[in-house]
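Below is one structure, written out as structure tokens, with a few remarks after it.
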């Protein structure tokens, strides 16, 4: 029996690496969905799914022999290196604190990265020596966050973006590795703007960066001279427009940028520094993102988001031909801190993330177009082919103004009897997107027998400027109606019991969850909110100043009109809640203090409602500790089993205990 199980798991692992899924078709009629039959279905536990390794930022070694990356292999997001041909990774840093943004110095001696304390979002820049493993905290400023470190070509300097905890503005700074000194390159940026993502020119004399307005609806490309600090806005505009820099061309004559000046969708272009003329490389009715150049400038990369699938494109500069790389549908992204290409231009580092294969780093041989993984995320005997691939569905918004896209996960072995429970799963944001990628929470729910629909409500990214701006001045309004439309749609499949609808969300999705159970209480059989905020006034008063500027732009000036701040705050409607409610939150979350959530729990109980509140004292606005995240989803499992149990999907012949 053990041999049979081992053989099945090996087959699952092989299929997880080599199988190529078909591009999804769009379903518009709910009754078209069918629950497939699958025997010997593996039973997934919370522990096994959430111990799937999380792979973060990455960087090529200058000689192309190794790749540095962030992973939680040890239970925390630490820095690792692995041979570029694959193999056993080596841990470079050991810390209980999470780390991010690795950047290998051009001389190969150091790797820079960022780390914060207990998930507080106040990042410092560190370096680790490849020769001695010595770790240095370069910035060491608990009240200032330094992020996005970028090496100068001669490895003497690091540029980064920095923001004091009390400020809403990021400035670009320079750190001298020789004298261990820092200085500001930009200053006095208006409080509703910030400077991000410094990119060095190849001669080391210039830094390009993107200046972004706090509401994330306007951005421009700037270039500054390192020696003098002289700064120029290369893409000035009077109306709202998004122009963001990605890379310098070899020779430093052009910049590769992303811009929505063309048709309101983000496209990729070359900006000539002398003439300021733009050459469009894409003209899509879909959002694209610029990548970078190969070292000789012969190739350019970018990605394009097509209904929640992201594809990688390779442009041959000499003949202007563009090729879409043949990769499985899912979230395919470019790797590397400054370039996805190896310096010898023979290989491309990228991420592959799909519903049945969690995010991992891959290296493609550009001559053969063959790829091999350099990280392995699935652990614990999990069979990837037993995970559910979602169906892409679309339906009209309730107001008839928009088309809403959503992902629907159909559990195996269900009967169309109108008795199955369903989860409406809401992504964070609002400027974010549910994609065709791995989500351990969703796979756990589907494996238990729940239908899951994940709508990209108005305000989500990936569908152009008009859709992204559609919730402006209307949070908790039109986007909530899109959530309710998703609930209507999933019921029409014929499988789902309308009395067994569950709404689940995290961050802004948790806010919408609280709006859903309080403003449309008759719709829901249960609600689960992870890190919710329930009062806009409290959130804005306590949150990071940059987030405060964003929220003021989203909801309006409270001094001019206080009514929306109350009308769109769930705390104003707690007496309407009927569904059992589970709240999971961080004790150090500034947007929603635990005392306020206790008030929510007391108010619901006062009205004879059912509510559970769990506070994780060592967390902020989101999970930084894997053990807490596992515990939280075990609470979710128990809460659902008691309040809205699922029928299950059948016995698991290849179950691993």
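Here, each number is a calculation from the coordinates, and none is a lab measurement. Computed from a predicted structure; not experimentally measured. Here the Cβ is made from the backbone with ideal geometry for all residues, glycine too, and neighbour counts use every protein chain on show.
When 461, 403, 25, 523 are sorted by how many other C-beta atoms sit within 10 angstrom of their C-beta, beginning with the fewest, the order is 25, 403, 461, 523.
DSSP bridge analysis restricted to region 490-629 gives an antiparallel fraction near 5%, rounded to the nearest 5.
Which FRET efficiency value, to the nearest 0.05, is calculated for residue 280 and residue 572 with the Förster distance at 45 angstrom and r the Cβ-Cβ distance? Efficiency computed from Cβ-Cβ geometry: 0.40.
Segment residue 537..residue 326, full-extension length gain: 71.1 nm, with 0.36 nm per residue of separation and the alpha-carbon distance subtracted. Taking the DSSP bridge list for region 169-281 and keeping only pairs wholly inside it, about 95 percent are antiparallel.
Our note on the geometry: Cα centres of region 576-612 and region 404-461, 24 Å apart. Each of residue 403 and residue 608 was given a label point 7 Å from its Cα along the Cα-to-Cβ line. The distance between the two points is 4.7 nm. Compute the Cα gyration tensor for region 504-609, then decide on rounded, prolate or oblate, letting a ≥ b ≥ c be the square roots of its eigenvalues: rounded whenever a/c is under 1.5, prolate when a/b is larger than b/c in the other cases, and oblate in all that remain. Note, shape of region 504-609 comes out prolate.
Among 333, 98, 216, the ranking by other beta carbons within 10 Å of each residue's beta carbon, starting with the fewest, stands as 216, 333, 98. Tell me the mean residue ellipticity at 222 nm calculated for the chain from its helices only (DSSP H runs of n ≥ 4, each -39500 (n - 2.57), averaged over every residue, nearest 500). Helices in the chain give a 222 nm mean residue ellipticity of -5000 deg cm²/dmol.
Here region 199-235 is scanned for amide nitrogen atoms under 20 Å from the site 7 Å beyond the Cα of residue 466 along Cα-to-Cβ, giving 217-218. One decimal place: the segment residue 369-residue 74 gains 103.0 nm when fully extended, by the rule 0.36 nm per residue minus the C-alpha distance. Which shape class applies to region 374-450: rounded if a/c is under 1.5, otherwise prolate when a/b exceeds b/c and oblate if not, where a ≥ b ≥ c are the square roots of the Cα gyration tensor eigenvalues? Taking the square roots of the gyration eigenvalues as a ≥ b ≥ c, region 374-450 is oblate.
Shown for 602, 338, 482: other C-beta atoms within 10 Å of each C-beta, ranked fewest to most, produce the order 602, 338, 482. The length gained by stretching the chain between residue 295 and residue 25 to full extension, at 0.36 nm per residue less their Cα-Cα distance, is 93.4 nm.
Restricting attention to region 362-501, close to 75% of DSSP beta bridges with both partner residues there are antiparallel. Here the label points at residue 344 and residue 191, each 7 Å from Cα along the C-beta direction, are separated by 5.4 nm in the simple model. Treating r as the C-beta distance of residue 97 and residue 166 and R0 as 25 Å, the FRET efficiency rounds to 0.65.
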